[in-house]
Amino acid sequence: MSHPSITPGPVAPPPALEIRSLRVDYGDFVAVDHLNLTVPPGEILGIVGPNGAGKTSTFRVLATLLEPTHGEVFFGGVDIAEDSHRARRLMGYMPDLAPVPSDLRLWEFLDFYAAAHGITDADARRARADECLDQVGLLPLRERGCRELSRGQTQRVVLAKTLLHGPRLLILDEPASGLDPLARRELRLVLQGLARTGVTVLISSHILGELAEMCTSLCILHRGRVLAHGSVDAVRRQLGHATRRLTLGIVGPVEAAAARLSGRDDVRDLTAGVGMISFDFDGDDEAQADLVEALVRDRVRVKSLEERRSSLEDLLVEIAAPGRNA
Amino acid sequence: MSPVEAAAPAPRGHPAWKVWSNPIFRRYCRSRLRLRHLALGCCITFLLSAFIVGITSSIGVRNETEPESAARAAIIPLLVLQGFVLFVVGTAQVSGGMITERDEGGVDYQRLVPMSPLTKVLGYLFGLPVREYVLAGVSLPFTAWALARGGVPASAWAPLYWVLFTTTVAYHATGLLTGTVVRNRRWAFLISIGLVFSLYTIIPQLARFGLVFFKYLTITPVFDESLPDLLPERSGAVVKFGQRFLSHATFFNLGLPEALFTTCSQAGLVFLFLTMLCRKWRREEAHLLDKSWAVGALVGVQVLLLGNALPLIDPGDLFPSRNFRFFMSPGKDWAPGHGEALGMIALYGLFTAGLICVLSGIITPSLEHQVRGWRRARNLGMDHLPALGDSASGRWATLAMSLLGAVGWFIFTRQLLESRWFPGHHADWKVLAGYWLVLTVVCGSFQALLDTRGGRTVAVAAIFAGVLPLLVGAVVAGIGDRYLHPGLWIAGLSPVSLPLSAPLALLSITEVDQLPVRAIQAIAKFGWIAWTPVCLGLLRRQQAHRSDLRRRILGGGGDGVART
């Protein structure tokens with residue numbers, strides 16, 4: 001008797017990182033409160049929040065260095081509490097103000113950790129160490145002592161160490177601190193290159209402009225809770241900061257244009273001056289393009305458009321302001 | 001294997017026993033054995049060793065002593081030099097190095113690498129002091145020359161140098177433990193030095209007062225045994241004659257060689273320390289010992305204490321007065337007094353109570369641990385904490401240890417009382433019950449207070465209720481004989497005095513002229529009456545505290561703490 005053959009359907013790969021209902025307490029202080037987060041492979045997620053938001057606690061839990069009060073974390077479907085050894089193989093963690101031993105040279109530092117990660121062959125270790133040093137642009141300094149490095153170089157050495165065992169999930173706590181603009185750009189390129197190979201990157205930083213450029217998505221934490229998560233625009237919308245201030249430069253009389261704009265629901269707070277109109281606009285990029293197109297079609301002679309939005313720094317300052325409740 | 005995992009290389013494990021290929025050991029070999037750092041130390045050690053050999057030889061020539069005796073004269077100074085390098089400098093290096101490693105973040109990095117906790121511990125244990133091993137090694141050729149030239153038999157130097165190594169490992173394990181556990185850098189170093197100093201110098205002195213086992217934590221017994229062969233011939237002969245009166249390792253009369261028993265004793269201590277360190281490497285928040293290990297450690301210590309002490313009772317070698325009258329054989333002119341027997345019994349009890357309190361302190365969870373445990377239990381749908389888990393109460397383990405400690409004390413006391421030295425005296429089961437109550441009251445109160453109110457409250461209570469009455473009582477009693485009784489009564493207010501005064505109330509050996517026996521007996525009875533309700537109250541309060549925490553977290557679904 002033949003059994004009907006069952007053809008398995010395509011199984012969706014597990015997310016690179018899944019956090020379920022994570023909570024971390026320090027005595028009476030709740031550092032992370034029911035955090036839920038899912039990150040697909042290849043994403044660069046920026047974790048943003050004021051001091052005390054729970055970023056470092058979250059990162060230390062993900063790095064298996066801190067036991068959460070409760071909650072579950074999965075790396076590619078691997079429960080980090082159940083199988084921390086497998087989880088550690090998948091993950092590379094770079095702490096805030098990452099230190100290096102003062103008594104080793106760069107190549108010795110990397111060789112040590114390559115050996116600790118199970119690369120037993122000396123030639124293979126040397127090749128891997130050089131590859132990682134090259135990736136962060138420090139190969140010419142391989143013989144230099146770790147104590148002779150600048151802050152920025154130290155950050156890059158630790159990043160090289162973090163990359164040694166080929167992690168699929170990078171957890172980087174403030175990796176850009178101490179880096180000059182050129183080094184920050186290099187870091188961004190390295191991370192974007194890794195993301196293209198499917199490596200997922202979690203990164204926290206206070207240099208929010210950098211984060212916005214580097215990350216494919218953002219997660220805003222405040223008092224241990226997620227306030228917003230998604231693309232930069234999505235985060236603005238979730239936080240009620242989707243509005244942008246538009247200023248149109250117009251050749252000729254502005255009254256007709258003002259009359260047309262004031263009739264729209266997505267336009268507020270309109271002021272008209274000589275050759276210019278300024279107003280708050282609630283739409284997204286598509287709606288903004290449509291608006292300009294409509295004005296031109298109505299024979300309004302638009303000569304310029306200036307757009308101003310509150311920066312991520314402004315958002316963070318507002319979030320951190322006393323009296324704001326999550 | 002998940003698709004994400006497929007890209008990660010599979011690590012190859014490092015067997016813990018292959019210390020020479022341990023990455024941590026090799027890392028320290030690399031950094032601590034750089035020629036420019038090593039050269040100076042090697043030069044100093046070499047010069048000192050050469051000087052020792054040179055000066056002893058020249059004195060030998062001057063005094064026209066035989067070449068063998070002249071060569072032997074260098075052995076002990078060389079041993080002292082090696083001991084200083086390995087014990088003092090090495091231990092400080094292990095403790096300080098571990099603290100530096102933690103400060104530099106190396107410990108966090110190490111937690112993430114795929115090596116077993118034991119591999120990491122052994123890597124640090126042998127890696128951090130690797131320079132000191134090399135420095136001690138520099139002096140070894142001189143020792144080898146002195147041993148060969150002095151005609152010292154291998155049966156004398158081999159056990160000695162083996163125990164020098166095991167003692168070094170035990171010292172270094174102590175430094176590693178304090179460097180790992182104590183968070184404050186300054187305190188870690190002080191505690192490390194203090195612990196090493198007391199563990200290997202002060203505590204072994206307890207051997208003179210009945211707790212014989214402690215001397216086997218040091219190199220002393222094997223050194224004493226080897227001494228006649230290490231000294232110049234004449235001095236060696238004198239020491240050898242004196243050694244006829246020394247007691248040997250008599251662990252339950254098994255007749256083990258000193259070196260073997262010392263090795264086993266130190267291996268036990270190192271094993272306990274390694275267990276603690278591995279637990280810390282496995283989980284940073286873990287207690288140093290779990291409940292069953294704590295009970296096991298107490299039983300182990302009791303077995304070692306009794307095994308070493310009991311065989312020495314009958315020949316009289318256990319008693320301090322006999323130890324101090326070194327060359328006198330036991331006979332009509334010597335017999336132990338009631339006072340020293342009572343003193344040894346009291347010391348045994350006080351040590352046992354102290355050990356139970358230390359172990360209880362290790363296994364008692366902080367409030368934060370308790371809250372976390374209950375929340376985790378709630379998350380897992382459980383209505384109780386795992387009985388042997390770190391967040392569970394240490395009360396039952398403490399009560400069990402009190403019972404086992406009382407049994408150990410009772411065996412010691414009974415053997416002592418019913419020996420040939422105290423005819424007509426007897427210790428029955430009431431004595432056991434009475435002392436169990438004493439240990440339960442003292443250790444149970446300590447544990448309940450720690451569990452409910454935390455370490456700071458216990459420290460305050462220990463100062464004001466435990467130590468202060470003893471100090472005030474001593475001052476008052478010191479004024480004069482008229483104030484002896486008030487002083488004793490004031491000291492009796494301290495629960496710490498209970499294990500000391502209780503034997504006098506429980507036992508029949510009371511012929512002690514120097515002590516006001518009746519007063520001390522009354523004070524002990526007062527202590528029972530006063531402290532038992534206090535202990536019961538604390539235990540009830542502890543129960544209420546735990547029930548309340550359980551109800552708040554499991555019952556109401558609340559968090560058990562104020563929200564931020």
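Side notes on the structure shown:
- When residue B:115 is tested against (1) within 14 Å of chain A (Cβ to nearest Cβ); (2) assigned to a helix (DSSP H, G or I); (3) within 20 Å of residue B:21 (Cβ to Cβ), just one condition goes unmet, and that condition is (2).
- Qualifying residue in the range B:129-138 (condition: within 30 Å of residue A:88 (Cβ to Cβ) and over 23 Å from the mean Cα position of the chain (by Cα)): yes
- Summed over the range A:39-68, the residues that are small (Gly, Ala, Ser), touching a helix residue (DSSP H, G or I) at 6+ places or on another chain (Cβ under 9 Å) and more than 11 Å from every other protein chain (Cβ to nearest Cβ) give a count of 3.
- Residue that is more than 14 Å from chain B (Cβ to nearest Cβ), over 19 Å from residue A:95 (Cβ atoms) and assigned to a loop (DSSP other than H, G, I, E, B), where the choices are A:166, A:137, A:193: A:137
- Test: residue in the range A:69-76 that is more than 10 Å from every other protein chain (Cβ to nearest Cβ) and more than 17 Å from residue A:208 (Cβ to Cβ): yes
- Residues considered: B:230, B:256, B:274. Of these, the only one that is touching a Gly at 6+ places or on another chain (Cβ under 9 Å) and either at pLDDT below 80 or hydrophobic (A, V, I, L, M, F, W, C) (or both) is B:230.
- Restricting attention to the range A:22-38, the residues being farther than 29 Å from residue B:454 by Cβ and within 11 Å of chain B (Cβ to nearest Cβ) number 0.
- Of the listed requirements (1) within 30 Å of residue B:53 (Cβ to Cβ); (2) in a helix (DSSP H, G or I); (3) touching an Asp or Glu at 6+ places or on another chain (Cβ under 9 Å), residue B:134 misses just one: (3).
- Note on the range B:15-36: residues that are within 11 Å of chain A (Cβ to nearest Cβ), assigned to a loop (DSSP other than H, G, I, E, B) and buried (at least 17 other Cβ atoms within 10 Å of the Cβ) total 1.
- Among the residues of the range A:198-230, those that are of a type in the set (S, T, N, Q) and buried (at least 19 other Cβ atoms within 10 Å of the Cβ) comprise A:200, A:204, A:205.
- Long-range neighbours under 7 Å by Cβ, at least six apart or interchain, first residue assigned by TED's automatic domain parsing to the domain that holds residue A:198 and touching a residue at least 40 places away in the same chain (Cβ under 8 Å) within the range A:36-62, second surrounded by fewer than 24 Cβ atoms within 10 Å (Cβ to Cβ) and of a type in the set (D, E, K, R): A:36/A:20; A:53/A:223; A:56/A:96; A:56/A:173; A:59/A:173
- Matching residues in the range A:49-101 - criterion: being modelled with pLDDT under 85 and closer than 14 Å to residue B:105 by Cα: A:96, A:97, A:98, A:99
- Taken over the range A:246-277, residues that are polar (S, T, N, Q) and under 17 Å from residue A:301 (Cβ atoms) amount to 1.
- Verdict on residue B:1 being closer than 30 Å to residue A:195 by Cβ, at pLDDT 85 or above and aliphatic (A, V, I, L, M): no
- Lone qualifier among A:92, A:71 - being among the small types (Gly, Ala, Ser) and under 16 Å from the mean Cα position of the chain (by Cα): A:92
- Strands (runs of 3 or more DSSP E) (entirely within the range A:242-311) containing at least 1 residues that are touching a Lys or Arg at 6+ places or on another chain (Cβ under 6 Å): A:244-250, A:276-281, A:302-308
- Candidates in the range B:328-381 are the residues that are within 14 Å of chain A (Cβ to nearest Cβ) and in contact with a His (Cβ under 6 Å, 6 or more places away or on another chain); of these, the one that is modelled with the lowest pLDDT is B:379.
- Meets criteria (farther than 20 Å from residue A:317 by Cβ, in contact (Cβ under 8 Å) with a residue 60 or more places away in the chain and in the same structural domain as residue A:163 (by TED's automatic domain parsing)) for residue A:181: no
- Applying the condition of being away from every other protein chain (no Cβ under 14 Å) and closer than 17 Å to residue A:202 by Cβ to the range A:173-190 and asking which residue is surrounded by the most Cβ atoms within 10 Å (Cβ to Cβ) yields A:175.
- All positions within the range B:503-519 that are in a helix (DSSP H, G or I), farther than 18 Å from residue B:439 by Cα and touching a residue at least 24 places away in the same chain (Cβ under 8 Å): B:519
- Residues in the range B:404-443 that are β-branched (Val, Ile, Thr) and either over 22 Å from residue B:526 (Cα atoms) or not in a helix (DSSP H, G or I) (or both): B:407, B:411, B:413.
- All positions within the range B:113-161 that are of a type in the set (Lys, Arg) and within 27 Å of residue B:92 (Cβ to Cβ): B:120, B:131
- Yes/no for residue B:217 being buried (at least 17 other Cβ atoms within 10 Å of the Cβ) and either at pLDDT 80 or above or within 19 Å of the chain's Cα centre (by Cα) (or both): yes
- Check on residue B:19, without any contact (Cβ under 8 Å) to a residue 12 or more places away in the chain, among the hydrophobic types (A, V, I, L, M, F, W, C) and out of contact with any His (no Cβ under 6 Å at 6 or more places or on another chain): no
- Search result, residues across the range A:71-92 that are surrounded by fewer than 17 Cβ atoms within 10 Å (Cβ to Cβ) and either of a type in the set (D, E, K, R) or in a strand (DSSP E or B) (or both): A:72, A:79, A:82, A:83
- Test result for residue A:106, more than 8 Å from chain B (Cβ to nearest Cβ), under 26 Å from residue A:128 (Cα atoms) and surrounded by fewer than 24 Cβ atoms within 10 Å (Cβ to Cβ): no
- Those residues of the range A:7-21 which are within 10 Å of another protein chain (Cβ to nearest Cβ) and at pLDDT 85 or above, in sequence order: A:15, A:16, A:17, A:21
The values are calculated or read from the model by the stated rules, or taken from the named source; none is laboratory data. From a predicted model like this one, the values you see are computed outputs, not experimental measurements. Counting neighbours? That spans all protein chains shown, and the Cβs are built from the backbone with ideal geometry, glycine included.
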